[in-house]
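Remarks on the structure that follows.
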Amino acid sequence: MPLKHIIVWVFAHLILITSGLVTADEYTLHRQQMVNVIKDDVHTTEKAINKKSFNKIVMQAMNTVPRHEFVPAGLRSQAYENRPLPIGHGQTISQPYIVALMTDLLEPQPDQRILEIGTGSGYQAAVLAQLVAQVYSIEIIEALGASSTQLLSHLGYDNIKTRIADGYNGWPQHAPFDGIIVTAAISHIPPPLVQQLKKGGRMIIPVGTRFQTQYLTLVEKDMQGKVTTRQLLPVIFVPFTGSH
């Protein structure tokens, strides 16, 4: 190929990427690159999370869910960068590494029912939907909850049930849950969520406020109902909102 043709092709390719007009094959490649970056981050944080790698099924889910569908159109060229992105209403879609970490910490199983507090864009729910039987997801911001519900339905995630409500009180009608994941930071672990966690279950929640260090926290309830918590690593999440 003549040099001038190569230059034209590269220039056109860059225009497509920067404008968000990326082909399906390119998105697939970008997803794989994202997964590789996540693997590198696991090694970096190995001591804090006590893991050398994430479960293969979690990584497969990360490599399957089209993250670009869950970000605003103008940001699709950045969809597979390993960082949070704004999704409107003062909210963000979480960093892919954090999504993978929180998913892995839940130790998802195919027959499980998971509660998510904070649907946001719907991305975390979509990742979980690849791995468990049913996801129940609550979003307090009505406009955001409506758009993510529509998107998840459009993409065919029929094992996700959504609700617009204050997530602090959980979803008692469908409790107990095998696992609970909270995607906004709160100063304490909500008692209703602990109550709705099944014996033998796990909850992943960022604990802290906007003005103090937030820690991703693992909550475990053993078969006798005893609850233990463990701080894993410092994180930055948008604040939990609601009547609490």
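Odds and ends about this structure:
- Leading residue by the ranking (surrounded by the fewest Cβ atoms within 10 Å (Cβ to Cβ)) among those in region 107-127 that are among the hydrophobic types (A, V, I, L, M, F, W, C) and within 12 Å of the chain's Cα centre (by Cα): Val127
- Candidate set from region 59-118 (those that are assigned to a helix (DSSP H, G or I) and free of Cβ contacts under 8 Å to residues at least 40 places away in the same chain); member that is farthest from Thr162 (Cα to Cα): Gln78
- Condition met for Gln173 (free of Cβ contacts under 8 Å to residues at least 24 places away in the same chain and of a type in the set (S, T, N, Q)): yes
- Cβ-Cβ distances below 6 Å connect the following pairs, each with a first residue in region 26-40 that is touching a residue at least 60 places away in the same chain (Cβ under 8 Å), a second residue that is hydroxyl-bearing (Ser, Thr, Tyr) and surrounded by 13 or more Cβ atoms within 10 Å (Cβ to Cβ), and a separation of six or more residues or different chains: Met34/Tyr80; Ile38/Tyr97.
- In region 43-58, the residue that is surrounded by the most Cβ atoms within 10 Å (Cβ to Cβ) out of those that are of a type outside the set (Gly, Ala, Ser), touching a residue at least 24 places away in the same chain (Cβ under 8 Å) and in a helix (DSSP H, G or I) is Val58.
- Among the residues of region 197-222, not one is modelled with pLDDT of 95 or more, on the phi > 0 side of the Ramachandran plot and not in a strand (DSSP E or B).
For (1) within 30 Å of His43 (Cβ to Cβ); (2) surrounded by fewer than 14 Cβ atoms within 10 Å (Cβ to Cβ); (3) under 16 Å from the mean Cα position of the chain (by Cα), each residue gets a yes or a no:
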{"residue": "Leu152", "(1), (2), (3)": "no, no, yes"}
{"residue": "Trp171", "(1), (2), (3)": "no, no, no"}
{"residue": "Ile180", "(1), (2), (3)": "yes, no, yes"}
{"residue": "Thr183", "(1), (2), (3)": "yes, no, yes"}
{"residue": "Val194", "(1), (2), (3)": "no, no, no"}
{"residue": "Met203", "(1), (2), (3)": "yes, no, yes"}
{"residue": "Val235", "(1), (2), (3)": "yes, no, yes"}
{"residue": "His244", "(1), (2), (3)": "no, yes, no"}
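The values are calculated or read from the model by the stated rules, or taken from the named source; none is laboratory data. Here the structure is a predicted model, which means the values were calculated and not measured. As a convention, Cβ positions derive from the backbone with ideal geometry for all residues, glycine included, and neighbour counts pool all protein chains shown.
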